[in-house]
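Comments concern the structure below.
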Amino acid sequence: MPYNYKKMRSEFILTEIRRLKKVTVKTLANQLNVTERTIRRDLVELKRTGNINIHYGGASLLNKMGPDFYWNDPLLLHNNMDVKTTTTQTSSALKKGNVFILGSFNTDLVYRLAHFPASGETTRALYSCCLPGGKGCNQAVASVNALAATHFVAKIGEDEYAHKARLFLETIGLASLTLFTHPQCPTGSAVVMVSESEGDNAIVINPGANQTFSSAEITSCHTSIAQSDVFLIQMENNPDASGQALTYAQKCGLTTIFNPAPWRPEVLDLLPFATIVTPNLTEAEAITSMTIHSKQDIRQAAEQIRLLGPHIVIITLGKEGCWMFDGEQHREYPAFPAVNIDTAGAGDAFNGALAARLANSDSLDLAVRYASAFASLAVERSGAANMPEHTKALEKMSEDRSSQ
C-alpha cells in the first residue's frame with residue numbers, strides 16, 4: 001500500500017481499524033511506507049470522527065460506533081448493497097415529523113483515483129466499489145437518520161440492480177416505500193470518480209427508469225404527499241413528473257425543499273413552487289448566469305434567485321459552509337470541521353437532514369446548523385448513502401458551541 005496521499009491514508013487506516021478492531025502505528029507506517037510520526041498525526045485527525053480511540057502505540061475501534069453500511073463485505077462490485085441497515089440506534093417512536101421524498105435510486109460505481117484523468121488519459125483506480133446511491137435515496141437515508149418518518153418514492157427497472165435496490169431500501173428504516181418499475185428501462189446508475197489530489201468528485205449519471213415517472217404514478221402519491229409536513233425533491237427524475245409533485249405539495253401547504261441538482265433548464269420553471277431552494281455554487285451560477293467568486297457575488301446570486309420565486313435561498317458552499325437569504329437578512333453559516341473522506345453525498349446529507357429537522361418543528365436557523373453538522377459527518381464516511389446518526393450530529397453541534 002505505497003500511496004502517500006493523505007486522504008487515501010485516512011481511508012486505509014479506517015478500513016484496517018474496522019477490519020482488525022485494533023492496529024499499531026508501526027504496522028501502519030510499514031504498510032503505507034510513511035513515518036510513524038505521520039501515522040500518529042493521521043490518527044489524531046481521525047479521532048475527530050468519533051469512530052476510533054487512540055492508545056499507546058496505536059488505535060482501536062470504539063464500541064459505540066454507529067452502523068456503517070459498507071465495511072462488512074470485501075469491496076468488490078455488487079457486494080455492498082446487500083448489507084442490511086436495520087441496526088440504526090434511533091427508535092421509530094422518536095420520529096415525529098413526516099418527510100415525503102420523490103427522488104432517484106442509482107447504483108453507484110465508485111472509483112477512487114489519484115487524480116482526475118485528462119482527455120484521452122487512461123488511469124488506474126486506487127479503489128473501486130458498488131454502492132447504493134441516487135440523490136433521492138441518499139436524502140431519504142439522511143432524513144431517516146435525522147429522525148423523520150420518511151416516505152420515499154422512486155422508480156427502478158426490472159434488472160439485477162433493481163433487486164439490490166429493494167434489498168437496500170427495505171431495510172433503512174423508511175416509514176413507507178413506494179417503488180414503481182419500468183420493464184424496458186434499466187435501474188439508474190452512476191459512475192462516481194473521487195480524486196485524491198483535487199479532494200473532489202465528478203459524477204456521470206445514466207438516469208434509466210428514474211426518468212420515466214408517469215402522471216398517473218405521481219397522482220397515486222397525492223394522499224401520501226398531503227399527509228406530510230415537508231416535501232423534498234431533486235432533478236434526477238423527469239421534470240414534468242417532478243413539477244407535478246412539487247406544485248401539488250405547494251397547494252397542500254407543505255414546506256417544499258427544492259434541491260436543483262443536477263442542473264437542467266427546467267429548474268427555472270420549478271423555482272416559484274419552492275419554499276426553500278438549495279443550490280450549490282455551480283447550480284447558483286447556472287440559475288443566475290453569473291460567475292461567483294466572492295461573498296458579494298454570493299449575496300447577489302442569492303438575491304437574484306429569490307426574485308425567481310422561492311421564499312428562502314440556501315447556497316451550499318462545500319467546505320466553506322452555506323449562505324442563507326430569506327428576503328430580509330443574509331446569514332453565513334461556517335462549515336463544521338471534518339476529516340474529508342468522501343464528499344459525494346454531502347449535499348444530499350444536508351438536504352435530507354434539513355427536511356427532517358424542519359418536519360420536526362425545528363426553527364430554520366437550528367435546522368440549517370443541524371444540517372451543516374450532519375453533512376460534515378457524512379464526508380467522514382465512504383459511500384454517498386452512508387449517513388451519520390442523529391446523536392452524532394447533536395454531539396458535533398455541542399462540541400462546536402463549547403469551542404466558541
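The values are calculated or read from the model by the stated rules, or taken from the named source; none is laboratory data. These numbers were taken from a predicted model, which means no experiment stands behind them. All Cβ positions, even for glycine, are placed from backbone atoms using ideal geometry, and neighbour counts span all protein chains on display.
Would a scan of segment 69-92 turn up a residue that is touching a Lys or Arg at 6+ places or on another chain (Cβ under 8 Å), at pLDDT 75 or above and in a loop (DSSP other than H, G, I, E, B)? Checked segment 69-92: no residue is touching a Lys or Arg at 6+ places or on another chain (Cβ under 8 Å), at pLDDT 75 or above and in a loop (DSSP other than H, G, I, E, B). Pairs linking a residue in segment 259-277 that is closer than 19 Å to ASP326 by Cα to a residue that is among the β-branched types (Val, Ile, Thr) and assigned to a helix (DSSP H, G or I), with Cβ atoms under 6 Å and 6 or more positions apart or on different chains, are PRO260/VAL267; PHE273/THR247.
One line per residue, one yes/no per condition, for (1) within 18 Å of ALA140 (Cα to Cα); (2) at pLDDT 95 or above; (3) not assigned by TED's automatic domain parsing to the domain that holds VAL99:
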site	(1), (2), (3)
SER197	no, no, yes
THR219	no, no, no
ILE233	yes, yes, no
GLU236	yes, no, no
ALA241	no, yes, no
LEU246	yes, yes, no
ILE257	yes, yes, no
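So which residues in segment 118-167 are β-branched (Val, Ile, Thr) and more than 28 Å from GLY97 (Cα to Cα)? THR122, THR123, listed by residue number.
Candidates are the residues of segment 260-299 that are within 24 Å of the chain's Cα centre (by Cα) and acidic (Asp, Glu); the one that is nearest to SER372 (Cα to Cα) is GLU283. Under the condition of being touching an Asp or Glu at 6+ places or on another chain (Cβ under 6 Å) and under 22 Å from THR212 (Cβ atoms), which residue from segment 183-200 is surrounded by the fewest Cβ atoms within 10 Å (Cβ to Cβ)? The selected residue is PRO183.
Just checking, how many residues over segment 287-303 are over 12 Å from LEU317 (Cα atoms) and without any contact (Cβ under 8 Å) to a residue 24 or more places away in the chain? Count: 9. Residues that are part of a helix (DSSP H, G or I) and either touching a Lys or Arg at 6+ places or on another chain (Cβ under 8 Å) or buried (at least 18 other Cβ atoms within 10 Å of the Cβ) (or both) within segment 267-280 comprise VAL267, LEU270, LEU271, PHE273, listed in sequence order.
Against the conditions (1) at pLDDT 90 or above; (2) in a helix (DSSP H, G or I); (3) farther than 28 Å from PHE105 by Cα, GLU332 satisfies every one except (2).
Checking PHE116, PHE180, PHE152 one by one, the residue that is surrounded by fewer than 22 Cβ atoms within 10 Å (Cβ to Cβ), touching a residue at least 12 places away in the same chain (Cβ under 8 Å) and closer than 20 Å to ALA261 by Cβ is PHE116 and no other.
Within segment 284-299, no residue satisfies the criterion of being in a loop (DSSP other than H, G, I, E, B), polar (S, T, N, Q) and surrounded by 14 or more Cβ atoms within 10 Å (Cβ to Cβ). Does ASP362 fit the bill of being closer than 23 Å to ILE276 by Cα and surrounded by fewer than 21 Cβ atoms within 10 Å (Cβ to Cβ)? In short, yes.
Yes/no matrix, rows are residues, columns are (1) modelled with pLDDT of 95 or more; (2) assigned to a loop (DSSP other than H, G, I, E, B); (3) under 11 Å from the mean Cα position of the chain (by Cα); (4) within 23 Å of ILE233 (Cβ to Cβ):
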residue	(1), (2), (3), (4)
PHE336	no, yes, no, no
ASN340	no, yes, no, no
THR343	no, yes, yes, yes
GLY347	no, no, yes, yes
ASN351	yes, no, yes, yes
ALA356	yes, no, no, yes
VAL368	yes, no, no, yes
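Among the residues of segment 300-327, those that are part of a helix (DSSP H, G or I) and either loosely packed, with under 14 Cβ neighbours inside 10 Å or within 25 Å of the chain's Cα centre (by Cα) (or both) comprise ALA301, ALA302, ILE305, ARG306, GLY318, LYS319, GLU320.
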